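Accompanying notes for the structure given below.
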Amino acid sequence: MKIRLIAFLAGVLLVVNTVSISAQPVPGVDENIPYLVTFGNKGEYAWGDDNFCQMIFFAIPESYTEPIYVRVFDPEIGGTLDEQQSDWDTKMRYEIYGGIQSCSHPDAKKMNLDGDYDSGTLLASKTFGNDSKYDGKWYTFGPINPTEGENLPREGGNSFKILIEGVSGDDGNLYKLYISSSPDENVDVEGAFAYYFRYKFRMHDNRDQIAHIYPYMDNEIVSIKQSNFDWDNDGIIRIISVNKNGEKMAVSNDANWVTSEHKVTEKEKNSSWDIQMIKNKDALIKSNNVVIYLENQYGESVKFYSVPIGGIPRYVYNIGLTPKKK
Ligand SMILES: [Ca+2]
Ligand SMILES: [Ca+2]
Ligand SMILES: [Ca+2]
């Protein structure tokens with residue numbers, strides 16, 4: 001009886017989650033990823049960016065009608081943070097798109113650079129180089145009227161696409177984003193969230209830090225093929241979910257792609273996986289830039305949210321009480 005009661009309580013704890021879609025930094029707080037990375041288009045693939053382009057999407061609830069702003073930290077390429085290759089000679093263009101097809105176009109979701117990845121209506125654009133004025137500072141795009149987004153109720157409302165592209169040079173740009181209701185500071189837009197289909201980022205140097213990403217398993221996904229690039233054998237990548245207690249993904253080494261396939265169970269549908277990137281404890285791997293994306297059984301891109309939907313996933317305890325042994 002006592003065991004039954006404990007099992008019941010454990011079950012209750014599992015359904016209590018912390019739904020909190022109220023923060024719009026990218027990378028998200030729960031991701032524990034310090035910066036996004038994009039290189040100039042003359043960069044070497046071996047430095048950890050496979051196509052010198054990053055695309056981040058965000059959705060604003062239809063009920064929200066105030067102006068919004070996209071803020072970028074350290075948008076320039078030079079000085080602090082950034083990854084220098086000989087001279088600072090990189091230029092990077094930031095663009096914000098709304099309107100029809102900006103977010104729903106398959107080439108945008110796939111980041112198909114030979115296709116219409118830059119679909120939609122261009123709302124704002126600026127190109128940065130080595131400019132100390134913006135070094136270690138925030139730059140603000142906007143105001144943007146939420147109704148200028150692509151209206152996608154199923155995706156969470158009025159949606160926008162931020163495109164960051166290296167247009168010259170070979171240096172690495174580190175930066176982060178914030179979707180804000182204020183032009184001067186980072187203030188959450190209530191109910192808004194950021195999402196993406198392919199993520200390019202810098203890992204922490206500290207070996208004790210664990211990075212997370214949260215792909216969402218909708219109810220049509222039965223299997224996942226994950227691909228990652230240039231992981232530099234920096235430890236392990238594993239899946240935590242209601243049914244997975246650390247299922248390992250294949251990991252790449254220097255400048256190569258690897259893939260692995262993973263089944264999606266019924267219980268995992270309509271929830272996020274917690275993909276954990278646990279650094280190698282035996283080697284100090286610094287300045288590690290990584291690319292990762294997931295596809296479903298039809299080869300379609302799978303969406304990640306910068307905040308986990310339904311809270312951070314926990315695996316189901318095996319027969320109630322103790323975590324499953326590996
Ligand atoms: Ca800088
Ligand atoms: Ca350079
Ligand atoms: Ca930068």
* **Förster radius 25 Å - calculated FRET efficiency between Lys42 and Asn233, Cβ distance, rounded to 0.05** => 0.40
* **0 to 90° range, to nearest 10: angle between helix 2-15 axis and the chain longest Cα axis** => 20
* Asked: What does the highest-first list of 110-116, 86-92 look like by mean Cβ count within 10 Å?
  -> 86-92, 110-116
* Asked: What is the extension gain from Glu266 to Val167, computed as 0.36 nm multiplied by their sequence separation minus the C-alpha to C-alpha distance, in nm to one decimal?
  -> 31.3 nm
* Structure fact -> Under the rule rounded for a/c under 1.5, else prolate if a/b exceeds b/c, else oblate, using alpha carbon gyration tensor axes a ≥ b ≥ c, segment 265-318 is classed as oblate
* Could you work out which residue, out of Asp171, Asp188, Asp282, moves most in a Gaussian network model of the chain, that is, has the largest mean-square fluctuation with Cα springs under 10 Å? => Asp282
* Rank by packing, highest mean first: peptides 254-263, 42-51, with packing defined as the count of other Cβ atoms within 10 Å averaged across residues. => 42-51, 254-263
* Using a Förster distance of 30 Å, the FRET efficiency for Glu300-Asn145 (Cβ separation, nearest 0.05) -> 0.50
* To do: With a Förster radius of 25 Å, plug the Cβ-Cβ distance of Asn206 and Gln84 into 1/(1 + (r/R0)^6) and report the FRET value to the nearest 0.05.
  => 0.70
* To do: For segment 32-197, just list the percent of Cα-Cα distances falling in each 10 Å bin from zero outward, please.
  => 11, 40, 35, 13, 1
* Asked: Order of 71-77, 118-124, 190-196 by packing, highest average Cβ count within 10 Å first?
  -> 71-77, 190-196, 118-124
* **Under 17 Å from the Val222 label point (7 Å along Cα→beta-carbon), backbone N, segment 243-277** => 261-270
* Evaluate segment 204-284: find the radius of gyration of its Cα atoms, find its Kirkwood radius, and give the ratio Rg to Rh. => 1.00
* Mind pulling up the Rg/Rh value for the chain? Radius of gyration and Kirkwood radius, both on Cα. => 0.98
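Any read-out appearing in this document is the output of simple, stated calculations on the displayed coordinates, not a laboratory observation. Only a predicted model underlies this, so the values are computations on that prediction, with no experimental measurement involved. Don't worry about glycine lacking a Cβ; one is built from the backbone with ideal geometry, like all the others, and counts go over all protein chains shown.
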